1. How would A:62, A:192 line up from fewest to most surrounding beta-carbon atoms within 10 angstrom?
2. Just report the Cα centroid separation between the stretch B:416-431 and the stretch B:172-237, whole Å.
3. Loop only per DSSP, at most 12 neighbouring Cβ atoms within 10 Å: give me the chymotrypsin sites (Phe, Trp or Tyr not before Pro) in the stretch A:225-294, ordered by residue number.
4. Add -39500 (n - 2.57) for each DSSP H run of 4 or more in chain B, then divide by its residues: what number comes out at 222 nm, to the nearest 500 deg cm²/dmol?
5. Around residue B:224, what is the net charge, scoring Lys/Arg as +1 and Asp/Glu as -1 over all other residues with Cβ under 13 Å from its Cβ?
6. Mean Kyte-Doolittle hydropathy of 0.0 or higher plus an axial Cα length of 30 Å or more: which whole DSSP H helices in chain A meet both?
7. How high is the relative contact order of chain A? Use alpha-carbon pairs under 8 Å, at least six apart in sequence, and give a whole percent.
8. Evaluate peptide B:102-111: per residue, the Cβ atoms of other protein chains within 10 Å of its Cβ; return the mean as an integer.
Amino acid sequence: MTRQTVPKMNIAPQPARRTESFWSRVIRQRQLIFMSFPMLLYVLVFAYAPIWGWLMAFQSYKPGFSITNQTWVGLDQFRFLFLDEGFTRVLRNTIAMSLISLILGFVTAIGLALLMNEIKKTGIKRLIQTISYLPHFLSWVIVTGLVSMALSTEGGIINDVLMKLHIIKEPILWLGEGKYFWGIVGMTNVWKEVGWNTIIYLAAIASVDPSLYEAAEVDGAGRFRKIWNVTLPGIRPVIVILLIMNVGWILNGGGFDIQYFLGNGQVLDWSETIDIFVLKYGLRIGNYSLGVAAGIFKTVVSIVLLYCANTIAKRLGEERLI
Amino acid sequence: MGVRARKTALGLLMLILAFSVVASACSKSSNNESSSTSPSASGSSPAASPSESGSPEATVEPLTISLFTAATGPIPTDDNKIYKEIKEQLGVTLKEEYLVGDIEQKLGVMIAGGDYPDMITANAKLTAAKAVIPLEDLIEQHAPNLKKHYGKVWEQLKDPDDGHIYWMPNYGVYQGDFSSTEYYGPAFFIQKAVLKEFGYPKFKTLDEYFKLIEDYAAKYPEIDGQPTIGFTALAFDWRDWGLRNAPQHLAGHPNDGGVLVDPVTNVATLYSATDTAKPYYKKLNDINAKGLMDKEAFAQNYDQFLAKVSSGRVLGMFEQRWNFGQAHDSLVSQGKFERTYVGFPLVYDMNTTDYYLDRPPINLMNGFGITVNAEDPVKIIKFIDTMLSEKWQKRLSWGEEGVDYLVGDNGLYYRTPEMRTQQEDVTWKQKFKAESLWGYLPKLEGKYPDGNADGAANQPDEFFANLKDIDKEVLSAYDRKTWTEFFSVPPDNRVSYPAWNIDLIEGSPAKVANQKMKDLDFKLLPRAILSKPENFESVWNDYVTQMGKVDTKAYLDRVNEQLKWRVENWTSK
C-alpha cells in the first residue's frame with residue numbers, strides 16, 4: 001500500500017472547472033469523501049434508520065407484539081394529542097418557557113462575556129469564569145433540589161432575605177403558584193448555564209482583530225463605544241449561528257428535567273410541557289404510540305423553524321447554517 | 001509531502017476503524033458475558049429433582065438472579081448477612097435494583113427497551129407488555145411450597161384476561177385466622193404527644209381531631225426548634241391516597257381506591273368531586289385558614305415527606321401506616337417515641353361505622369413475577385419456593401436464633417431488650433435484615449405450625465414487651481390491647497373487594513380517564529384547600545365542572561365490569 005505511485009496533487013486550492021464532470025470531481029475529492037464516510041454512516045444508522053419506527057404513531061402499539069402485528073388506528077394518536085383540551089396550554093407553556101430561556105440565556109451569556117472581556121486582570125477573570133460555569137456540571141436533580149430548598153417557605157434563603165428586607169410580609173410559596181413558575185425556570189436555567197454559554201462568546205471576542213480596537217481608540221471611542229461598535233459586530237456571526245441552532249429546540253421547553261423535577265400538581269397549568277404531557281399520557285399509561293406521534297410533531301415543527309430562521313438570516317445577509 | 005499526508009490520513013482512518021471495531025466487539029462481548037453466566041455457572045446438572053421438598057435448599061443451584069423492586073429502600077449494604085447466607089447456602093446471588101423516581105416511568109422505559117431483570121415486582125404494565133411469563137405450570141411442577149401456599153386463592157391469582165398467573169402476591173394468605181397487633185392500613189394519624197397533652201380524649205369526627213391539633217399547635221408553635229406542622233398529606237406519583245382517599249373512609253367505606261362500591265349491588269360509583277368528598281376538603285380549607293395545613297404538602301416528594309415526618313413536627317396526617325414506615329422507624333431510633341403516631345378511624349358523623357381496618361384480602365397485582373428475560377425460570381421459582389419454607393421465612397422475619405431472638409421454654413420466641421433496641425436501628429437493619437426483599441416475597445402469615453407468630457410484631461408477648469412507656473399509656477388510657485383495636489371489627493370482605501387493584505388496561509380510555517382524574521385532583525384539590533375560605537366554593541365548582549368533562553364513564557365501566565367478573569369467577573361454588 002505504501003509503495004503506490006502517488007498522483008500529482010495540487011496543494012493550492014484551485015477553482016473548480018465548469019467543464020469538470022461529476023465523477024472526476026468525486027475522484028478528485030475521494031479522500032474527503034472517504035473520510036466523511038464514518039460520520040455519514042453514523043447519521044444513517046442512528047438518525048435515519050430508526051425513522052421506520054414512526055409507523056408506531058399510526059398504530060395502537062402494544063409492546064410484546066411485533067410492529068407488523070399491531071392494530072392500525074390511522075391518525076387517532078394525533079387526534080388525541082391535538083384535540084386534548086390541555087394541548088394548547090401545554091404548547092403555550094413549552095414555547096413560553098423556551099423563549100424565556102432562549103432570550104435570557106442569550107442576553108445574560110453575551111452580557112457576561114462582554115463584562116468579563118473588560119476585566120484586565122487574568123486571575124480575577126479566570127476565577128469568575130470558573131465559578132460561573134461550575135453549576136453547569138451539576139445534574140438537574142441536584143440543581144432543582146437546591147432551587148426548591150432556596151425557595152422553601154421554611155427557612156428558604158429567598159424568602160428569608162425578602163422578609164428581612166421587608167419586601168414581603170409572609171413567605172411566598174414560590175413553587176406552589178403557577179405564575180412564578182416560568183420565571184423560576186428561566187432564572188434557574190440562567191444560573192446553571194450562563195458561565196458555560198459565555199465560553200463560546202469569549203472565544204469569539206478573542207478572535208476580534210485588535211487593530212480595530214486601536215483604530216477605535218484613535219478615533220476617540222470610550223469603553224462602551226468600543227463594545228458597541230467593535231466587539232458586538234465582531235461576534236455577530238457567532239450569535240446568529242447559535243440563534244439559528246437554538247430555534248430548532250423551541251419545542252423542548254427549555255429542557256425537560258427542570259419542569260419534571262420542579263413541577264407539581266398545583267402548578268400543572270404552567271409547568272406541563274409537551275414532553276411531560278407525553279410522558280404522562282404516553283409512556284406512563286402504556287400508550288407508546290402517542291409518544292411517537294408527539295415526536296413526529298416536534299420534529300416537523302423543528303425542521304420548519306430551523307429553515308425559517310435560516311432563510312431570515314439569509315435575507316438579512318447574515319451568516320447562516322445551511 | 002503528499003505521501004505523508006495521505007499516510008497520516010490513512011493511519012488516522014485505520015485507527016478510527018480499529019477503535020470502532022474494538023468498541024463494538026467490547027459491548028457485544030460484555031453482553032454475552034452477563035447473559036451467559038447463569039447457564040455456564042450452573043451448567044452440568046439440572047438433575048436434582050424437584051420432589052425433594054423435605055430439604056428444599058438442596059434443589060437450588062449456583063445462580064445469579066437479577067431483580068428489580070418498586071421499593072426505594074431500605075437498600076441493604078454489600079456485606080448484608082442475609083444475602084450472604086442466601087449465597088452460601090443456596091448458591092444464589094441476588095443482584096438487586098431499587099426504584100429511583102417514578103415507577104410508571106421507569107417501567108415504561110424498561111418495556112420500551114425490553115430490558116428486564118430476571119424477577120420484577122408486579123405492575124399491570126408488565127403483564128400488558130407480555131414481559132412476564134405464566135407461572136401456574138412452573139408452580140405446579142417445581143414449587144410445592146408455593147402450590148400449597150396459594151392453594152386456597154389459586155383462582156383469584158389468575159389474570160382476568162387470559163387466565164394465567166403472573167404474580168405471586170406478597171400478602172394476604174393466612175394460616176388460620178388473621179390476627180394482627182400493629183395496624184398498617186389507612187387512618188387519620190395523630191402524634192401520641194398530642195393525645196397525652198389533652199389527657200387521651202375520645203374522638204370520632206374530623207372536627208374533634210382538628211380541634212386537638214389546633215390546640216396543641218397553639219400551645220407549642222415549635223417542636224425541637226422548628227415550626228410545628230399541623231397536618232400534612234402526600235400527593236406524589238402513585239402515592240396519591242393522602243390527598244384522594246380520605247372521603248371514602250370518612251363515609252364509612254373500605255379502601256376501594258377511587259370508587260365507592262355498594263356492598264349489596266356490587267356497583268361502583270365515584271366519590272371525587274361529589275358531596276361525599278366536599279366536606280373533607282372544606283375542612284382542610286378551614287384548617288389552612290388557621291395556619292395548620294402544611295402549605296408545602298402538595299409540592300413535596302416522597303423523600304421530603306419522609307424527612308418531614310421523621311423530624312417529629314407533623315402532628316397529624318391522613319396516610320397508610322406502611323407508607324411512612326421508614327419515618328416511624330427513624331423516629332423510634334431517634335428515641336422520639338411520643339412523636340410516633342396512633343391511627344384513628346374518623347367518620348363524617350357519629351352514626352357511621354368505620355371501615356378502615358379490613359380483613360386482609362389477597363394482595364393481587366403485588367409481589368414478584370418472572371420475566372421473559374430470565375434464563376432459567378425453573379431455578380428461580382425453586383429459589384422463591386425455598387424462601388417460602390418455614391426455615392427461611394423465620395430467618396427473614398424473626399432473624400437468627402440466638403442472635404435476633406431466643407426460644408423460651410414454651411417454644412415461643414422472644415427477644416431481649418437489647419435485641420429489641422437493635423431491631424429499631426435503621427443502619428443495623430441495612431446490614432442484617434433484608435426488608436425490601438422480604439416485603440415482596442410470598443409470606444406465611446398468621447402463625448407457624450409451632451405456634452409462633454409470623455413476626456415479632458405479631459407475637460403477643462413480644463408486642464407487649466416492645467411497647468414503650470408512652471405506648472402502654474396510650475393503650476391503657478383507651479382501654480385497648482393492640483393498635484388494631486382502635487378500629488371496628490371488619491365484616492367479611494365483599495367477594496369483589498378491593499376495587500383498587502383492578503387492572504384498567506394500559507392505554508385504554510379507562511386508563512386515560514384515570515390519569516385525567518388524577519391530574520385534576522392533583523391540580524385543583526390543593527388549590528381548593530389552599531385558597532382563601534371565601535374562594536373555596538368557586539374553586540370547588542370549577543373542579544366539579546372540569547371533572548364533568550372527563551370521560552369518567554369509561555373508567556367506571558371498566559371497574560364495574562371487573563367487579564362483576566370477580567363475583568362470577570371468585571364466588572366459591
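Where a number appears in this text, it was derived from the coordinates with a stated rule and is not lab data. Quick caveat, the model's predicted, so the values are computed rather than measured. Here Cβ is always computed from backbone atoms with ideal geometry, including for glycine, and neighbour counts include all displayed protein chains.
1. A:62, A:192
2. Here the two parts' Cα centres lie 25 Å apart.
3. Counting only loop positions with at most 12 other Cβ atoms within 10 Å, none of the chymotrypsin sites (Phe, Trp or Tyr not before Pro) in the stretch A:225-294 qualifies.
4. For chain B, the value works out to -13000 deg cm²/dmol.
5. Around residue B:224, the surrounding residues sum to +2.
6. Qualifying helices: A:87-118, A:178-206, A:288-315.
7. On the way: 304 pairs, mean separation 81.9, N = 322.
Reported as a whole number, the value is 25 percent.
8. Mean partner-chain Cβ count within 10 Å for B:102-111: 4.
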